[in-house]
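The values are calculated or read from the model by the stated rules, or taken from the named source; none is laboratory data. As the structure is a prediction and not an experimental result, all values here were calculated from the model. Quick reminder, even Gly has a Cβ in these numbers, built from the backbone with ideal geometry, and neighbours come from all protein chains shown. Accessible surface is based on the protein model in full, side chains and every heavy atom, while ligands, DNA and RNA are left aside. Shrake-Rupley method; radii C 1.70, N 1.55, O 1.52, S 1.80 Å.
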2 protein chains.
Amino acid sequence: MARKRFDDMPCSIAQTLNLVGDWWTLLIIRDAFFGARRFAEFETRLGIAKNILANRLSQLVENGIMQKVDIGQTGTHYAYELTEKGRDLFPVLTALRQWGDKWVYGEGCAPMDVIERKSGRPLARMVPLGADGTPVALEDLEIRLKEKS
Amino acid sequence: MARKRFDDMPCSIAQTLNLVGDWWTLLIIRDAFFGARRFAEFETRLGIAKNILANRLSQLVENGIMQKVDIGQTGTHYAYELTEKGRDLFPVLTALRQWGDKWVYGEGCAPMDVIERKSGRPLARMVPLGADGTPVALEDLEIRLKEKS
DNA sequence: CTTTATTGGTTTCATAACGCAACTAAAGGA
DNA sequence: TCCTTTAGTTGCGTTATGAAACCAATAAAG
């Protein structure tokens, strides 16, 4: 049967994964953050098949995460760029990257650093903070589900 | 042909997605955070097929993200629990959830809140911070790739 | 003004993954 | 002994993925 969709799950995590949670989509977004704009650029950087890339890009555009800009005074030239909605996925990518830095490569062995130019230093580790700005403990959290109206 | 693996990409994001980036895995981890422990619990909460669930759980155990604990004095009873490596994915789930809260449901309309008991208030929005603790601007970031040794 | 290259795809087809349902295995209880 | 619970495995049809071939529009070359 068809791949199961998570559309109907009343959960932001499921909904987000439904939009960006397949094999390639987050990597396309990653490369967009890292400067890729053109179809061929994504293709060669990722080593993704053209049909899959075309499909994913059109989904991303459809979902408002990227936009397709015609920069074609000269021939067929489009740029795919992140919208604000797309740029707002940066925390997700950062969390994924920091987890991999720590658990796949090990502290200090990551193949890539993201550096803040101002300070010349890498970003701080992202940690969920409470309303008062201090890190939260998992045990101190409570899930509260809203009633359906 | 076989699904493409991201194993060979020298990138923490790709590596992390390689471990937890398929359709179901992050939802299994989410439910583990929310208290699910038993095979049947994951099955009914997620509506996932048994074979897929069995496959994903064994991958998660193999990758050290969950562990399978035999709690079976009486019959066949196992519990699947997150390891430290698994619990450390909490920032990833939080970032995904907060993005969905904002862009899928809209501020204040999320179907679920994660509340800190201490304060009774939801977690703060996760934002990548620079080394000095202030939020970073995307334009002020620089990617630095490490040479292969 | 015809030919060739570039860009951004679409089509085709083999294979792998998914989803459902049925079946199995091991232990406990009636 | 037979039934139930738990945790799977197996079989099979459907869908998605990946590679390669093909296509269309424009530009550049000759």
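Does A:LEU60 satisfy the criteria of being within 15 Å of DNA strand C (Cβ to nearest atom) and either farther than 26 Å from A:VAL127 by Cα or out of contact with any Asp or Glu (no Cβ under 8 Å at 6 or more places or on another chain) (or both)?
Here the answer is yes, as A:LEU60 does meet what is asked.
Test each condition in (1) over 24 Å from B:PHE34 (Cβ atoms); (2) away from DNA strand D (no atom under 16 Å from the Cβ); (3) open to solvent by 20 Å² or more (accessible area, probe 1.4 Å); (4) of a type in the set (A, V, I, L, M, F, W, C) for A:ALA137 and report the one that comes out false.
Checking A:ALA137 against (1) over 24 Å from B:PHE34 (Cβ atoms); (2) away from DNA strand D (no atom under 16 Å from the Cβ); (3) open to solvent by 20 Å² or more (accessible area, probe 1.4 Å); (4) of a type in the set (A, V, I, L, M, F, W, C), the one that fails is (1).
Assess whether A:PHE33 counts as being aromatic (Phe, Trp, Tyr) and under 17 Å from the mean Cα position of the chain (by Cα).
yes
Suppose we keep only residues that are assigned to a helix (DSSP H, G or I) and more than 9 Å from DNA strand D (Cβ to nearest atom) within segment B:43-78. Which one would you say is nearest to the chain's Cα centre (by Cα)?
Of everything passing the filter in segment B:43-78, B:LEU60 is nearest to the chain's Cα centre (by Cα).
For segment A:81-121, what are the residues that are within 7 Å of chain B (Cβ to nearest Cβ), outside any helix (DSSP H, G or I) and either open to solvent by 40 Å² or more (accessible area, probe 1.4 Å) or hydroxyl-bearing (Ser, Thr, Tyr) (or both)?
A:ASP113, A:ARG117, A:LYS118, A:SER119, A:ARG121, listed by residue number.
Can you tell me which residue is farthest from the other protein chains (Cβ to nearest Cβ) among those in segment B:32-80 that are of a type in the set (Ser, Thr, Tyr) and surrounded by fewer than 18 Cβ atoms within 10 Å (Cβ to Cβ)?
Just the residues of segment B:32-80 that are of a type in the set (Ser, Thr, Tyr), to begin with: B:44, B:58, B:74, B:76, B:78, B:80.
If we keep only those that are surrounded by fewer than 18 Cβ atoms within 10 Å (Cβ to Cβ) too, we end up with B:44, B:58, B:74, B:76, B:78.
Details: B:THR44: 13, B:SER58: 19, B:THR74: 28, B:THR76: 27, B:TYR78: 22 Å.
Result: B:THR74.
Just give me the residues in segment B:1-31 being among the acidic types (Asp, Glu) and open to solvent by less than 30 Å² (accessible area, probe 1.4 Å), in sequence order.
Within segment B:1-31, B:ASP22, B:ASP31 meet the criteria.
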